[in-house]
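Asks: Okay, here's the structure, questions in a sec.
The values are calculated or read from the model by the stated rules, or taken from the named source; none is laboratory data. None of the values given here were measured: they were computed from a predicted structure. A quick note on method: Cβ atoms are made from the backbone with ideal geometry, for glycine too, and the neighbour counts reach across all protein chains shown.
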Amino acid sequence: MKKNLKTALAVLVVCVVIGAAWSKTSYGLKLGGKVQDVLKGAALVLLTNALSDELDKFINTVTLNNGVPAHADTKVVPIIAFGSGTRVGAGQVVGPKELVDKVKVLVQIETKFGQKNLDIEVFVPSDSMNPLKFNRVEGVGVSALIDLRLSGI
């Protein structure tokens, strides 16, 4: 097992334990478990980064096995979703190598359209993981989504 994967798994376990303990305190009860969710989300971002190469190879193998040849570079990065709740996931970006290398995260923005019966999910490749300074990387697309659920961990 790779060193960064072991570290990410250790961080995930520590975050879950600390989050569970914190949620039992009076402060944790007032926040409704939000601290635990934030810690889990941070740990899952680290885990996604640790597994990035393996996930990317797996997705490329699946698509090649189904007759979809690769004509550009790919990379798996974390997704940070905003809108109807904050969640963490992962996605594969595709494009020219110099642009794919710049992408650090996919920002997922969720909204409703019209009579609120049409959900819109927008994925923005960004070169910054700072939630206050997302910078779009033009010329990069999203080719796969990987869902990581925070509940049940």
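Asks: Under the condition of being in a strand (DSSP E or B) and hydrophobic (A, V, I, L, M, F, W, C), which residue from segment 112-132 is modelled with the lowest pLDDT?
Replies: PHE113
Asks: Just to check your reading of the model, which residue among ILE153, ILE80, ILE146, ILE109 is out of contact with any Leu (no Cβ under 9 Å at 6 or more places or on another chain) and either modelled with pLDDT of 80 or more or within 19 Å of ALA42 (Cα to Cα) (or both)?
Replies: Step by step, each of ILE153, ILE80, ILE146, ILE109 is checked, and only ILE109 is out of contact with any Leu (no Cβ under 9 Å at 6 or more places or on another chain) and either modelled with pLDDT of 80 or more or within 19 Å of ALA42 (Cα to Cα) (or both).
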